[in-house]
1. State whether one or more residues within the stretch 26-37 are over 16 Å from residue 244 (Cα atoms) and outside any helix (DSSP H, G or I).
2. Applying the selection to the stretch 50-88, what residues are within 20 Å of residue 143 (Cβ to Cβ), part of a helix (DSSP H, G or I) and open to solvent by less than 70 Å² (accessible area, probe 1.4 Å)?
3. Would you tally the residues in the stretch 250-281 being under 15 Å from the mean Cα position of the chain (by Cα), over 30 Å from residue 372 (Cα atoms) and assigned to a loop (DSSP other than H, G, I, E, B)?
4. Somewhere in the stretch 200-218, is a residue more than 17 Å from residue 244 (Cβ to Cβ), of a type in the set (D, E, K, R) and surrounded by fewer than 18 Cβ atoms within 10 Å (Cβ to Cβ)?
5. Just wondering, is there one or more residues in the stretch 290-299 that are more than 30 Å from residue 109 (Cα to Cα), in contact (Cβ under 8 Å) with a residue 12 or more places away in the chain and in a helix (DSSP H, G or I)?
6. Kindly list the number of the only condition in (1) crowded, with 19+ Cβ neighbours inside 10 Å; (2) closer than 30 Å to residue 281 by Cα; (3) over 18 Å from the mean Cα position of the chain (by Cα); (4) of a type outside the set (A, V, I, L, M) that fails for residue 91.
7. Do we have residue 128 as under 30 Å from residue 382 (Cβ atoms) and open to solvent by 60 Å² or more (accessible area, probe 1.4 Å) here?
8. Tell me which strands (runs of 3 or more DSSP E) are completely within the stretch 332-439 and hold 1 or more residues being at pLDDT 95 or above and open to solvent by 60 Å² or more (accessible area, probe 1.4 Å), or say none if there are none.
Amino acid sequence: MNQDQLNQTLWDAANSSRGTVDPAQYKDYALVILFFKYLSDKVKAERESLEQRYPDNLERVEHKLKLGRFYVPDGVYFDDIYAMHEQDDIGERINKALHNIEEANRDKLEGIFSLDFNSESILGKLEQRNKMLRDLIRDFNSLDLRSVSEDILGNAYMYMISKFASSAGKKAGEFFTPSKISQLVAKLAQPQPGDKICDMACGSGGLLLLAGEEVRKQGSEDYALYGQEAVGATYHLCRMNMYLHKMDRAQIEWGDTINNPLLVENDQLMQFDRVVANPPFSLAKWGAETAENDRYKRFLRGVPPQNKGDYAFILHMVETLKPKTGRGVIIVPHGVLFRGAAEGRIRRQLLQENLIDAVIGLPAGLFQTTGIPVAILVIDRSREKGGERESDTNVLFIEASKEFRSGKAQSHLDNQHIDKIYNTFAERSQLDKFSRNVP
């Protein structure tokens, strides 16, 4: 199958089985079943190859399988679940199979299958639940993923997440940033070979993977990915996404980035060459009451208001960028640019420290979660005192609110819009009614 065929086949298989389950929750089950099918098919192909090499030595086959990337014990392959999918306790059988796979791959997969496939509260009563699971198993059973490359399968996984986001509507912002916006943010970050790249609110990991892809476009695999995500189900989707893209070494943590940052070393926040993020807009109850005593001293420039956490994420980004070299790109609501009081004081401080490199206004309606226009802030610590760009004291403003293609439910960025915005940023060019360098 080519990419488009696999995308459509997987989406048809997943979506046709949904029934009455909320799409924002159903996606978690469908994507776990896809990951289960992927693991089973890949290990099955490896087993078949080893059995041909060592036809009379099954112990050696088993030993080599256990040394492989993943291991699936006998009796819990996808084929085994398919063989018993008409049983009334199919949900419980899936739970046990996934638990056994976790146990056999504890160093990588511990906790990744946290869903309950026997949940009445989410999947409905027995008859309804079993129908959905049986349809899902039958549809995925017809796929053979043994020879599908990780690149193609990983792209298909991202395609499915984007399709689920469209059907999940307002709830999509918990797990998905539209891919074209992510592409623009990744390009603006300009990651280089050898970089440590972080997304502090990584969702299902698409933006983080695209930032890594910018390094791969330069012919290098030398980069490291780090992320933290607050929502448990989304964190597990992100881990699966990393494995499907063969990013096994990515360090993804589960927790609240502002109140409990987990990307730390030697009791200090880890520092990164590049940070990209689309954090929740104007998050209420983000932790203002404890910010003054923050052990990592992220709020020395001021404490953001209790009901708007935008600057909490911006200040966290600043402190996790490497001094004098790090660059961060963050999506924010427009209020970040003009609200007063504490936010105004923080904004003034960031400008006085010469950390704001560019402000890019995007069109309204780009997100499923909100119709408001948003902006991108580019923060560059190479502009601070002692950095390579210390003498660059202009802020580049790009007014890109008309750079979009209209769609039925939302607006879209196309490649031509991304290229125009990025090229203007990279060249710091001034275009009439589009961009200006402001002292």
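The values are calculated or read from the model by the stated rules, or taken from the named source; none is laboratory data. A quick note: this is a predicted structure, and the numbers were derived from the prediction, not measured. Don't worry about glycine lacking a Cβ; one is built from the backbone with ideal geometry, like all the others, and counts go over all protein chains shown. Heavy atoms of the whole protein, side chains included, go into the accessibility calculation; ligands, DNA and RNA do not. Shrake-Rupley method; radii C 1.70, N 1.55, O 1.52, S 1.80 Å.
1. No, the stretch 26-37 contains no residue that is over 16 Å from residue 244 (Cα atoms) and outside any helix (DSSP H, G or I).
2. Within the stretch 50-88, 78, 79, 80, 81 qualify.
3. Of the residues in the stretch 250-281, 1 are under 15 Å from the mean Cα position of the chain (by Cα), over 30 Å from residue 372 (Cα atoms) and assigned to a loop (DSSP other than H, G, I, E, B).
4. Taking every residue of the stretch 200-218 in turn, at least one turns out to be more than 17 Å from residue 244 (Cβ to Cβ), of a type in the set (D, E, K, R) and surrounded by fewer than 18 Cβ atoms within 10 Å (Cβ to Cβ).
5. So far as the stretch 290-299 goes, yes, one or more of its residues are more than 30 Å from residue 109 (Cα to Cα), in contact (Cβ under 8 Å) with a residue 12 or more places away in the chain and in a helix (DSSP H, G or I).
6. (2)
7. Judged against the criteria, residue 128 is not a match.
8. Working: elements: 356-361, 374-380, 395-399, 435-438.
Filter on the stretch 332-439 gives 395-399, 435-438.
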